[in-house]
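Bear in mind that the values in this text are calculations on the coordinates, not laboratory data. Just so it is clear, the model here is predicted, and its values are computed rather than measured. Quick reminder, even Gly has a Cβ in these numbers, built from the backbone with ideal geometry, and neighbours come from all protein chains shown.
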């Protein structure tokens, strides 16, 4: 069964600090991995998307890594800001014409003063 | 360019009542998705449309849920009758055809069944 597991479930950090969120998956056959940011009361918004051959991708202060061998990904947030407070969801897509997305349960990040 | 539009944003109904949600995808996006998201969980796919055809509705509880996308553009998701356990956020997303492309999500409809 395709699964995506994220850790930690929740995280509280001080503004300006860095943090790293983890994602482990068992989705097969693998197509791509995406990180979404979901603010409270809003739909998810894509941060990064990585295919099998990519092992790192940045979007501003967000840097995602992918290890396709160990089926692990991380999302690193640098110099956190209050506006980074949100849920971060790891989503893995399988290949094929009827490709499906498997969503993780997300990591709830709270950035405080 | 407008994003995915959903309405209403919030809905409170009593159990056993019907409810409907509406979604207008991004212009040119042939693929439309309806997801259910419970609090603290990731979205779960209910149904996926390619134009007006439902290509994946395996997770849609067909005894009470129905959806339509008659002209291949906007879509309606209906629940009749609603149950307490249906309280959740219903997200609509759209993408270019084929399901391999980036999905863009709407803001969701938060349903509360009392």
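Taking the numbered list (1) surrounded by fewer than 20 Cβ atoms within 10 Å (Cβ to Cβ); (2) in contact (Cβ under 8 Å) with a residue 12 or more places away in the chain in turn, residue B:102 passes all entries but (2).
With respect to (1) more than 12 Å from chain A (Cβ to nearest Cβ); (2) touching a strand residue (DSSP E or B) at 6+ places or on another chain (Cβ under 6 Å); (3) loosely packed, with under 14 Cβ neighbours inside 10 Å, the lone exception for residue B:11 is condition (3).
Results for (1) in a loop (DSSP other than H, G, I, E, B); (2) more than 14 Å from chain A (Cβ to nearest Cβ), shown as yes or no for each residue.
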{"position": "B:41", "(1), (2)": "yes, no"}
{"position": "B:49", "(1), (2)": "no, no"}
{"position": "B:60", "(1), (2)": "yes, yes"}
{"position": "B:63", "(1), (2)": "yes, yes"}
{"position": "B:70", "(1), (2)": "yes, yes"}
{"position": "B:77", "(1), (2)": "no, yes"}
{"position": "B:90", "(1), (2)": "no, no"}
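On the given criteria, is residue A:79 outside any strand (DSSP E or B) and in contact (Cβ under 8 Å) with a residue 12 or more places away in the chain? Spelling it out, residue A:79 is indeed outside any strand (DSSP E or B) and in contact (Cβ under 8 Å) with a residue 12 or more places away in the chain.
Of all residues being within 10 Å of chain B (Cβ to nearest Cβ) and not in a strand (DSSP E or B) in the stretch A:26-47, which is surrounded by the most Cβ atoms within 10 Å (Cβ to Cβ)? Just the residue, please. Talk me through it step by step, then tell me what you get.
Restricting attention to the stretch A:26-47, the residues satisfying the condition of being within 10 Å of chain B (Cβ to nearest Cβ) are A:31-32, A:34, A:36, A:38-39, A:41-46.
Right, trim to not in a strand (DSSP E or B) and you get A:39, A:41-44.
Working: A:39: 14, A:41: 11, A:42: 15, A:43: 23, A:44: 28.
Result: A:44.
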